[in-house]
Amino acid sequence: MAKAEPELVQMSRQVSSFRWPDAPEEEKFSVCVHCGFCLDVCPTYQELKDENHSPRGRVLLIKEAAEGKLPLDESVIDPVFTCLDCRACETVCPSGVQVGSLIETARGQAHAAYPPIGRAGALERVFLRGVFPHRSRLRAIGKFIRFYQRSGLRTIVRKTGALSILPHAAREMEAVIPEVAADMAVDLLPERIPARDAKKGTAVLFTGCVMDVFFAAVNEATARVAVRNGLELLVPREQVCCGALQIHAGDREQARILAKTNIDVFLATGADYLVINAAGCGAALKEYPDLFRDDPIYGERARAFSARVRDISELLVEVGFAAPKGHINRTVTYHDACHLCHAQHIRSQPRQLLRAIPGLKLVELPDSERCCGSAGIYNLTHPDMASALLERKMDDIPETADAVVMGNPGCMMQIRLGVHKRQRDLDVLHTVELLDAAYRKEAAEQ
Ligand code: SF4
Ligand code: SF4
C-alpha cells in the first residue's frame, strides 16, 4: 500500500497559487540559499533598493506563491514583471539558481491567471501575436515605415505634432528607428549560399523578425562573414520569429507554436548549426527545451535543435575565422548584451573578432555587462526604469570611442536612443558589421 503523504505536503499542493501547467519548478527555487551575492549586480535593486525587486526577493516571492503562502496578486506579479530578465544574478549566484527560468515561468502563470488587457493586451494582440509571427505582415510594416521615412510623410507628421497621440516611449523610439531597407534579408538572400573555400560545415541563418525589418543589413553582413569563413548557409523561408518577446511577456503558448515551427524547419535541413546574430533570440533558441519540459516528443526535438544553436561570434571562433587584412581606423567600445554574456556566457568571442581587425582600437566600457534597459519590450512597459538604466549606460561610454559595438538589436535600438538624447557623435554597430567592413576593404584593396 502506498505510504500516505504528510498532511502539510497535501495542503501545500492543494493551495499552490500556480495552478496552470509549466509552473516554476521547485528544484529551481529551492536551491537559493539567501546569500544575497546577487543583490549588488541586479539593476532593478540598484535603482529601487527594495528587497522585493532583487533576485533573492523575487525567488522568495515565487517560492511562497508556489507553496500557497502568497496569492498570485500584484505583490508577486509586479516584482516578476519589473525584472529585466537580464540574468546578471545568474552570473554571480553560487547556487546556480536559474532566475531567468523562474521569472519566465512565473510570468506564464500570471499571463494565464490574468490575460493582459488595456495597453499590455493591445501590445500583445497587435505585435506579439498579430505581427511578429507573420512574415507577410512584418514585410508590410517594413514597407510602410520605409515609405514613411522616404516620402516626406515623416517630416509632415513631426511638424504637425501628430506623434503626440503616441505614448512617450513610442515617440522616443520613432526618432531613432533606423532607415528600413527595401527588402528583408530572408527575402533577398538565396536559399542556399555555398561556402567560400574549404567548407567547414552547413549552417541555417536565423534572420529573426525585428532584426530583419530594422537591421536587414546586419543579417546580410552575417551571411557574408559566415560564407567567407567556410560555412555553407541555408536560409529557409519557412522560419519564423523565435518567440523570445512572447516568452518575456509570459505568452508561452504562442512561443511554443513558433518554437515548434522553427524546430521542424531546422531539423528537416540536417544542418550542422543554426547561426544567429541577436543575443535575445539566441538565448531563447538555446532554451527551447525549457518550453517543452512536459512534452516527450518536442522535448527531445528541442534538445537536438538547441544543441546546434550558435551566436555568430561563437561559431566563427569555434570553426576558426580568417583575420581580415582591411584596416578600420576607429576607436570603439563594446557593450555586452545581457543575453549574450549572462545567458549564453559569450564574452571573449566578440572581443576576439574585434581585436583581429587591423587599425581598430577597442577600449573597454566600464560595467559593460550591466543592462542598458532594452530587455525585449521592457522599454515600452517600464519606460522610467529603462530610461534610468540607459542614462547610466550612456554615462559610462568612453569619450574616446567613436562607435559602440554590440550583438543584439534591442540594445542597438536602445543605445541609438541614448546617443540621440545626448546628441553624441557615436555610431551604434553590430560586431559583424565591423568584421564584414574589414573583409570588404581587404577585397577592394586586392
Ligand atoms: S539567487 Fe543565488 S546569489 Fe541570490 S540569494 Fe539566492 S543563492 Fe544567493
Ligand atoms: S534577471 Fe536581472 S533584473 Fe531580474 S532579478 Fe536577476 S539581475 Fe535582477
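The values are calculated or read from the model by the stated rules, or taken from the named source; none is laboratory data. Here the structure is a predicted model, which means the values were calculated and not measured. All Cβ positions, even for glycine, are placed from backbone atoms using ideal geometry, and neighbour counts span all protein chains on display. Each accessible area value is taken on the protein alone, full model and side chains, heavy atoms only, with ligands, DNA and RNA left out. Shrake-Rupley method; radii C 1.70, N 1.55, O 1.52, S 1.80 Å.
Worth a mention:
- As a fraction of the 1.4 Å probe accessible area of the range 185-317, surface on carbon and sulfur atoms comes out at 55 percent.
- Here is the size of the range 185-317 from its Cα atoms: Rg then Dmax, 14.1, 45 Å.
- What the Cβ-Cβ distance of Ala162 and Cys35 gives, at R0 = 41 Å and to the nearest 0.05, is a FRET efficiency of 0.20.
- Distance between modelled label sites at Glu445 and Asn329, nm, 7 Å Cα→Cβ extension: 1.1
- Orphan Cys of the chain, criterion: no other Cys C-beta under 4.7 Å: Cys32, Cys35, Cys42, Cys83, Cys93, Cys341, Cys372, Cys411
- Difference of contour (0.36 nm per residue) and Cα-Cα distance, Val92 to Asp50: 13.2 nm
- Between Glu25 and Asp367, the simple spin-label model (points 7 angstrom out along Cα→Cβ) gives 3.3 nm.
- Accessible surface of the range 118-176, 1.4 Å probe, proportion on carbon and sulfur as whole %: 65
- Extension gain, Asp294 to Arg355, is 17.6 nm, computed as 0.36 nm per intervening residue step minus the present C-alpha separation.
- If the segment from Ser151 to Glu318 were pulled out straight at 0.36 nm per residue, it would be longer than the present Cα-Cα gap by 55.7 nm.
- For the range 396-435, carbon and sulfur atoms together expose 43% of the accessible surface, with a 1.4 angstrom probe and every protein chain in place.
- Protection-proxy order for peptides 94-100, 192-198, each taking the mean of Cβ atoms within 10 Å per residue, highest first: 94-100, 192-198
- Whole-Å semi-axes of the chain's equivalent ellipsoid (Cα gyration tensor): 36, 26, 23
- Equivalent ellipsoid semi-axes, the range 322-445, via Cα gyration tensor eigenvalues times 5, rooted, Å: 26, 15, 12
- Calculated over the range 21-113: convex hull of Cα atoms, volume per residue (Å³): 83
- For the residue pairs Lys286/Lys393; Lys325/Lys361; Lys49/Lys69, the C-alpha atoms sit more than 18 angstrom apart in Lys286/Lys393; Lys49/Lys69.
- Rolling a 1.4 Å probe across the protein heavy atoms gives the chain an accessible surface of 43 Å² per residue.
- Sequence-distant lysines (8 or more away, or on other chains) whose Cα lies within less than 26 Å of Lys159: Lys143, Lys421
- The radius of gyration of the Cα set in the range 82-224, together with its Dmax, comes out at 19.9, 57 angstrom.
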